[in-house]
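Beneath this line is the structure, given in structure tokens, with notes to follow.
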Amino acid sequence: MWGELLNEFSLAPALPLSVVVARTLATVVFCGLIGLERETSRRAAGLRTHMLIGLAACIYCLLTLALLARADEFGDTVRMDPLRIIEAVTGGVAFLAAGLIVFSQGKVRGLTTGASMWVAAAIGVACGLGEWTIAGMTVILALIIIALVRRLEMHAGTYDGDETHDTDE
């Protein structure tokens with residue numbers, strides 16, 4: 001019994017611990033930047049939500065890579081499709097984001113925050129797969145779109161968001 005338990009906890013990881021730590025910490029920082037912008041704009045889904053969404057997406061990708069590394073242990077009876085994990089992440093986040101979108105008084109609110117949650121999941125997937133350029137560029141572009149484009153809309157007089165409201169434009 002103790003030997004089996006020891007074997008269970010001594011399973012060789014698919015990736016070095018330093019890589020796992022780098023990918024998860026980068027995900028939290030990257031998604032935290034987007035969440036911080038949402039937080040400072042007083043939106044319903046802020047820092048913690050974006051960090052957790054990205055972290056979960058990253059972990060699902062790391063687990064997918066671990067499963068693929070151990071595929072030979074499962075034999076021919078188990079078929080693996082790594083894209084299913086990404087599809088599951090996308091579906092799960094879409095469900096969460098949809099809960100933020102509200103139609104009230106002829107206006108749709110929460111779309112940008114819902115979209116930023118979806119982007120946080122994509123950043124988590126990119127970090128989990130070690131796609132640093134994609135993750136970094138996505139963070140930069142998302143922050144430009146969320147923060148700077150809002151300022152341009154305000155300057156042009158086309159922004160109708162209520163900054164004190166808990167949902168988004």
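The heavy atoms of residue 74 offer some 70 square angstrom of accessible surface to a 1.4 angstrom probe.
At 222 nm, what value in deg cm²/dmol follows for the chain if DSSP H runs of at least 4 each add -39500 (n - 2.57) and the sum is divided by all its residues, to the nearest 500? Could the numbers behind the result be given before it?
On the way: 8 runs with 115 residues, N = 169.
Per the formula, -22000 deg cm²/dmol.
On a 0 to 90 degree scale, rounded to 10, what angle separates helix 132-143 from the longest Cα axis of the chain? Helix 132-143 sits at roughly 20 degrees to that axis.
Of 56, 71, 45, which has the largest mean-square fluctuation in a 10 Å C-alpha GNM of the chain? Judging by the Gaussian network model, the answer is 71.
Return the loop-located trypsin sites (Lys or Arg not before Pro) in the range 72-143 (DSSP other than H, G, I, E, B) with at most 13 other Cβ atoms within 10 Å of their own Cβ; answer none if there are none.
The qualifying sites are 79.
Please compute the length gained on full extension between residue 94 and residue 14, using 0.36 nm multiplied by the number of residues separating them and subtracting their Cα-Cα distance. Stretched out fully, the residue 94 to residue 14 stretch lengthens by 25.9 nm. The tail of the calculated P(r) for the chain beyond 30 Å holds 29 percent of all Cα-Cα pairs.
Any chance you could give the angle, 0 to 90 degrees and rounded to 10, that helix 83-100 forms with the longest Cα principal axis of the chain? That works out to roughly 30 degrees.
The values are calculated or read from the model by the stated rules, or taken from the named source; none is laboratory data. Given the structure is predicted, the values throughout are model-derived calculations rather than measurements. Don't worry about glycine lacking a Cβ; one is built from the backbone with ideal geometry, like all the others, and counts go over all protein chains shown. Just so you know, the surface numbers come from the protein's heavy atoms only, side chains and all, with ligands and any DNA or RNA stripped out. Shrake-Rupley method; radii C 1.70, N 1.55, O 1.52, S 1.80 Å.
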